[in-house]
Amino acid sequence: MPLIMMTGYPSSGKSTRALELKQLFETKLAEPAQQHRRLTVQIIDDASLGVTHDAYSKPSAEKIARGALLSAVERLVSRETIVIADTPNYIKGLRYQLYCVSREVSTTQCVVHCAISVDAARRINQARADGYSDTLFEELVMRYEEPNPAAKWDSPLFTVIQHDPADQLPFDAIWDALVEQRAPPPNFATAMKPSSDGRLFAVDEKTGFMSTLIKDIVTDLGATSEPIPLPNVCGDILVEIVRYCRYHKDDARLSSSVPDILQDDSLIEAWDRKFMLMNDDRMLRVIAAADYLNIEPLVDLGCLAVAKIIRTLSVEEIRQRYNVVDDFTPEQREQIKKELERMK
């Protein structure tokens with residue numbers, strides 16, 4: 001039966017999602033009226049294969065590790081077993097080989113992409129006692145090949161934002177695509193590709209349509225399997241944008257509440273406050289991306305967060321913090337002071 005390939009950066013939460021998937025499948029299969037109760041679920045990971053992190057630092061050792069994975073999948077994939085390959089799977093060539101294995105036994109397969117920013121993955125990896133070395137982590141990130149929903153070996157593709165409790169695994173869609181062998185509907189996902197670093201994201205229609213820009217493009221062009229290029233947004237920032245849009249995609253009150261929060265910031269909900277806890281550079285890049293994508297509520301939220309910071313700073317502190325060049329002449333500065341005095 002089905003093969004599920006987990007993929008994502010190191011420390012992106014693949015194993016957590018793999019265990020979650022296993023539990024969801026086992027719960028579903030245990031239902032009294034379930035016609036597929038004979039199925040079992042098996043996770044293959046590096047530990048079960050006897051593979052250590054060091055294997056990914058040497059081409060010869062990594063080749064052996066890939067061979068062990070392929071052999072295990074060939075042995076376990078059958079009509080009675082759902083196999084979850086919880087291994088890095090970061091190279092499209094390996095995912096293609098796994099796809100060929102599932103095709104040879106006439107079973108279904110899918111890819112679950114655990115999306116996370118490089119900075120967040122790096123912090124998590126450094127905090128783990130069993131994490132990759134800093135050097136190997138950076139090498140694996142550089143080697144990582146983002147799954148492409150247009151490629152048959154990466155399809156169907158299900159992308160989840162890691163470490164965001166609001167972003168649930170689309171289990172029903174995964175079940176339908178793998179066990180019931182029903183493909184996701186054509187509008188299940190909109191592919192967005194920021195050309196600045198080539199990363200690809202697949203989002204559901206509600207999430208994508210939080211952006212007026214995306215909505216207008218899809219409306220004008222109609223349903224398409226081609227990725228929508230976003231040349232002004234890099235992947236790390238798009239991760240944050242998608243996380244915000246997924247959380248708020250069903251919030252019908254969001255647009256109407258914008259004027260209220262601008263008047264009274266105590267109306268900002270706790271999730272949004274936590275979302276905006278980021279350094280200045282990242283915050284300004286998120287605001288710029290939201291403005292480019294025309295996500296008005298996020299632009300207003302970001303501007304309000306910056307305004308709250310500025311309120312506590314002097315003019316000189318604002319210049320230093322945000323790299324604002326003081327290019328006023330003494331005469332211009334004196335003129336501004338006089339105008340401000342008249343306005344009091």
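Annotations
- Test: residue in the range 110-122 that is within 30 Å of H36 (Cβ to Cβ), of a type in the set (G, A, S), surrounded by 20 or more Cβ atoms within 10 Å (Cβ to Cβ) and in contact with a helix residue (DSSP H, G or I) (Cβ under 7 Å, 6 or more places away or on another chain): yes
- Some residue of the range 29-40 being within 22 Å of C114 (Cα to Cα) and in the same structural domain as S133 (by TED's automatic domain parsing): no
- Taking the conditions (1) in contact with a helix residue (DSSP H, G or I) (Cβ under 7 Å, 6 or more places away or on another chain); (2) farther than 30 Å from L230 by Cα; (3) at pLDDT 80 or above in turn, D326 satisfies each one other than (3).
- Counting only residues that are basic (K, R) and either modelled with pLDDT under 60 or closer than 22 Å to I228 by Cβ (or both), the range 253-302 holds 2 of them.
- Tabulated pairs, the range 132-153, first under 30 Å from T107 (Cα atoms), second of a type in the set (K, R) and in a helix (DSSP H, G or I), C-beta under 8 angstrom, 6+ apart or interchain: E145/K92; P147/K92; P147/R95; N148/K92; A151/K92; W153/K92; W153/R95
- Helices (runs of 4 or more DSSP H) enclosed by the range 28-129 - at least 3 residues per element that are touching a residue at least 60 places away in the same chain (Cβ under 8 Å): 92-104, 118-127
The values are calculated or read from the model by the stated rules, or taken from the named source; none is laboratory data. The structure presented is a predicted model; accordingly, all values stated were derived computationally and were not measured. Positions of Cβ are generated from backbone atoms using ideal geometry, with glycine treated the same way; all protein chains shown enter the neighbour counts.
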